Amino acid sequence: MIILAIVIGCILGVILGINAPTISYIYSDYLAISIVAALDSVFGGITATLKNNFDFKIFVTGFFGNAILSILLAFLGNKLNVDIYLAAIVVFVGRMFNNLTIIRRFYLEKWTQMKAKKAEIAKEQSKE
Amino acid sequence: MSKSKIAVAITIGIMSFMMIYVMLIQISIASDDDREEIEFLRETELKDLLASYKERYEETNEKIVEAKNKIDEYEKDEKSEEDTVALLEEEVKQAKMLLGYTDVVGEGVIVTMENNVIYGEEESAIVRASDLIELINELKLAGAEAISINDERIISRTDIFDVVPPLIHINGQRKASPFVIKAIGDINYLESALKIKGGFIDSYTLNNYKISIESKQEITINKYEGELTLNYINKEEVKK
């Protein structure tokens, strides 16, 4: 069900996104940072699922809240002539890498455990 | 299937839709060549842009040469007399507009400069002829096609000089503050040429001048009121 929803959303996004109106280059910084923030939330959600403490409300509020807050911060930075959006990107991408590391370790451990189990089973079978 | 699960699925679907949608918009922005907001570009991007503009410039130059050759052909060709007449008429019309014989309309900017007299202080700013000449030169550099000061058309033979300050002679007429300078040309070029950091408006507002700029889609510039006569130039063309 959820996977179906994701697929439908992605297909709709591609169809509408290709025909989307082009927006002025000024806003590209803000869009980019909101995308990075949303991606960060997605990876955070996956990590939380693996750790078994996934909370849907936290996920949704993080997804939209982070995107909007990062846009506001970038806007403020633009007004103050400080590249705050760079700092936000560093934080978000850093967190994304952290989450990716956790995901990778989780699956690596699973894989090694599976291999070990198989090897044990094979040993027992050969003994018999 | 419970209601909450459906809600979760719909929310996630909407979220993925939004993300992909925004991503595609961003990609289309990033790959868009028609970028005009130069202020927001990085140095390397500016260099790229400059290079592409140089290429375009060269291309356009070639086209100009081609067009000139065509005009030469028309002028030589006796068969297409009607074309030649139309072409010549068009040329005469344009030449008159450029000379200032006709009122012209177009997009452009209006700059207003005013004396800022502060009694009892030495720092009062009075607009001088040299200031106006500087402004006109800036406008011409930015590609202005027609300029007027207080409705006096600036042409090739315009004189601008100080009489008794604060009066200024323009085209033989005495003009006083406020000076309204109208210029027809590309709004972007004209505005940015004047508004650039350390540019004309910056330096003059620093020196206490009252100066304002306003861009309009339609500006009317009056024709030159005087008469242009040739008394000393031989009317025959100089043969090379």
Counting pairwise Cα distances across chain A, what percent come out greater than 27 angstrom?
40 percent
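Suppose every K and R has +1 on its Cβ and every D and E has -1 on its Cβ; what is the size of the dipole of chain B about the Cα centre, in Debye to the nearest 20?
That gives chain B a dipole magnitude of about 780 debye.
Any idea what the relative contact order of chain B is, in percent, if you count C-alpha pairs under 8 Å spaced at least 6 apart?
Result for chain B is 23 percent.
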Sort out for me the Cα centre separation of region A:28-54 from region B:116-170, rounded to whole Å.
60 Å
Need one value for B:2-15: mean number of C-beta atoms belonging to other chains within 10 Å of its residues' C-beta atoms.
5
Which FRET efficiency value, to the nearest 0.05, is calculated for B:Y57 and A:D55 with the Förster distance at 51 angstrom and r the Cβ-Cβ distance?
0.30
Taking R0 as 22 Å, what's the FRET efficiency between B:K76 and B:E237 from their Cβ-Cβ distance, rounded to 0.05?
0.85
I'd like to know which of B:A30, B:I170, B:Y101 lies farthest towards the positive end of the charge dipole of the protein assembly as shown, counting +1 on Cβ of Lys and Arg and -1 on Cβ of Asp and Glu.
B:A30
Would you mind computing Rg(Cα) / (2.2 N^0.38 Å) for the protein assembly as shown, counting N as its residues?
1.63
How big is chain B along each principal axis, measuring the range of its Cα positions in Å and listing the largest first?
98, 74, 33
Packing-ranked peptide list from B:104-111, A:62-69, B:203-210, A:29-36, highest mean Cβ count within 10 angstrom first, is A:29-36, B:104-111, A:62-69, B:203-210
Of the convex hull drawn through the C-alpha atoms of region B:104-221, the volume per residue in Å³ is 89 Å³
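Treat every Asp and Glu Cβ in the protein assembly as shown as -1 and every Lys and Arg Cβ as +1, leave all other atoms uncharged, and give the resulting dipole magnitude about the Cα centre to the nearest 20 debye.
3160 debye
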Taking the Cα centre of chain B as the origin and placing charges on Cβ (Lys, Arg +1; Asp, Glu -1), which of B:S203, B:A146, B:L230 is farthest toward the positive end of the dipole?
B:S203
What's the long-distance tail for region A:1-40, i.e. % of Cα pairs beyond 16 Å?
56 percent
Anything over 22 Å Cα to Cα? Flag those among A:K79/B:K47; A:K79/B:K182; B:K68/B:K239; B:K96/B:K140; A:K79/B:K197, in the order listed.
A:K79/B:K47; A:K79/B:K182
Pseudo-spin-label distance A:E124 to B:K210, built 7 Å along Cα→Cβ, given in nm, is 9.8 nm
Per-residue Cβ counts within 10 Å, from other chains only, averaged over A:27-37: what number is that?
4
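Rule-based calculations on the coordinates, nothing more; no lab input. Bear in mind the structure is a predicted one, so any value in this text is a computation, not a measurement. Every residue, glycine as well, gets a Cβ built from its backbone with ideal geometry; the counts of neighbours run over all protein chains shown.
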